[in-house]
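Working notes for the structure below.
The values are calculated or read from the model by the stated rules, or taken from the named source; none is laboratory data. Only a predicted model underlies this, so the values are computations on that prediction, with no experimental measurement involved. A quick note on method: Cβ atoms are made from the backbone with ideal geometry, for glycine too, and the neighbour counts reach across all protein chains shown.
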Amino acid sequence: MSAATTRSRTPDRLCAEAVDLARGAAEEAAAPGVVGEHVGLVSEGDRVVTHFFECRELGYRGWRWAVTVARASRAKIVTVDEAVLLPGPDAVLAPEWVPWSERLRPGDMGPGDLLPTDAEDLRLEPGFSGEDEPAPNSAVSHEMADLVEAEDADVTSGPPARLPLTPSRGSIAAVAEELGMRRARVLSRYGLHTAADRWEEAFGAKTPMAQSAPAACVTCGFLVPIGGSLGQAFGVCANEFSPADGRLVSLSYGCGGHSEAAVMPRPPQPAPPVIDETRVDPFPLRPAPDSGSVPATSDEDTEELGHS
């Protein structure tokens, strides 16, 4: 631990009283009228004090002019050490700088923009470079190299990128050219997985569109298959009326534009009810005259009296 850190942090009296000296240094560094009121001081060490002044510059709200003064041991003359403009507790500051590789988002690139790829990008791995030793996962294996040697074919002495002419037929570079293996880097397993997760989230089985679809894309006639390992889970939609037209969709995705949506089997119709509850049966309020077991007869004596 240094001696300066063990000494007292009490501001030196002469340095603390040198407010006018500090103000003059701040106005010399800035301009008259820009330096505001004295807002405080802090002890930086033995006989070293920093004075703070309000900054009235329109574009520096909350900033302060900091002027550090000091004096030598057993000296009575205070001198200016430095004058700088520093942000205060309430200063308006620019956001923390973030590298462009972390700020970039899908869809930010426009015409003419270039996106350099990091040499250590985890999404990529070395492909066939045309050197003597092919990549471990390359189709141009050692057996292929032995076959080329047995056929007395020509093998290039350097990478294809350095060759002035197209590789001759029968060389390893020519075979790689036919197989599409001359790329310097190809997608790694990590790159494939991240891409698949991204596509599955956008056009996968868990989307609201797929949840309400009549069937999955795996049975749709508008699905264009793709090659490679991704072809086991994804395809390209070719239905112009689909929201995923021209997009890479999961085989479990689906929409209302399914090719067989018009010929889907209709849902089974329910059987007719056993009891017809829609028919109304009439019920008389009074019994019919001829509904009894005794036939109805008229009494002439009672009819004259007005009885029936």
**OP:** Can you confirm whether the stretch 18-36 contains a residue that is part of a loop (DSSP other than H, G, I, E, B), more than 46 Å from the chain's Cα centre (by Cα) and at pLDDT 90 or above?
**Re:** yes
**OP:** Look through the stretch 246-262, keep the residues that are in contact with a Gly (Cβ under 9 Å, 6 or more places away or on another chain) and either of a type in the set (Phe, Trp, Tyr) or in a loop (DSSP other than H, G, I, E, B) (or both), and return whichever of them is surrounded by the fewest Cβ atoms within 10 Å (Cβ to Cβ).
**Re:** Glu260
Original post:
So, in the stretch 39-70, of the ones that are assigned to a loop (DSSP other than H, G, I, E, B) and not acidic (Asp, Glu), which residue ends up nearest to Pro87 (Cα to Cα)?
Top reply: Gly62
Subject >> Flag if Gly130 is over 25 Å from Gly228 (Cβ atoms) and at pLDDT below 75 >> reply: no
Subject >> Output for the stretch 73-98, where each listed residue is of a type in the set (Ser, Thr, Tyr) and surrounded by 11 or more Cβ atoms within 10 Å (Cβ to Cβ) >> reply: Thr79
Original post:
So which residues in the stretch 198-233 are touching a Lys or Arg at 6+ places or on another chain (Cβ under 9 Å) and under 14 Å from Gly257 (Cβ atoms)?
Top reply: Phe203
**OP:** Could you tell me whether Ala70 is surrounded by 10 or more Cβ atoms within 10 Å (Cβ to Cβ), more than 20 Å from the chain's Cα centre (by Cα), farther than 21 Å from Thr10 by Cβ and at pLDDT 85 or above?
**Re:** no
Original post:
Does Glu200 satisfy being in a helix (DSSP H, G or I), surrounded by 16 or more Cβ atoms within 10 Å (Cβ to Cβ) and modelled with pLDDT of 85 or more?
Top reply: yes
Original post:
Given the conditions (1) surrounded by 13 or more Cβ atoms within 10 Å (Cβ to Cβ); (2) not in a loop (DSSP other than H, G, I, E, B), which single one is not true for Ser101?
Top reply: (1)
Subject >> In the stretch 203-245, residue surrounded by the fewest Cβ atoms within 10 Å (Cβ to Cβ) [restricted to those that are out of contact with any His (no Cβ under 6 Å at 6 or more places or on another chain), farther than 30 Å from Ser188 by Cβ and among the hydrophobic types (A, V, I, L, M, F, W, C)] >> reply: Phe241
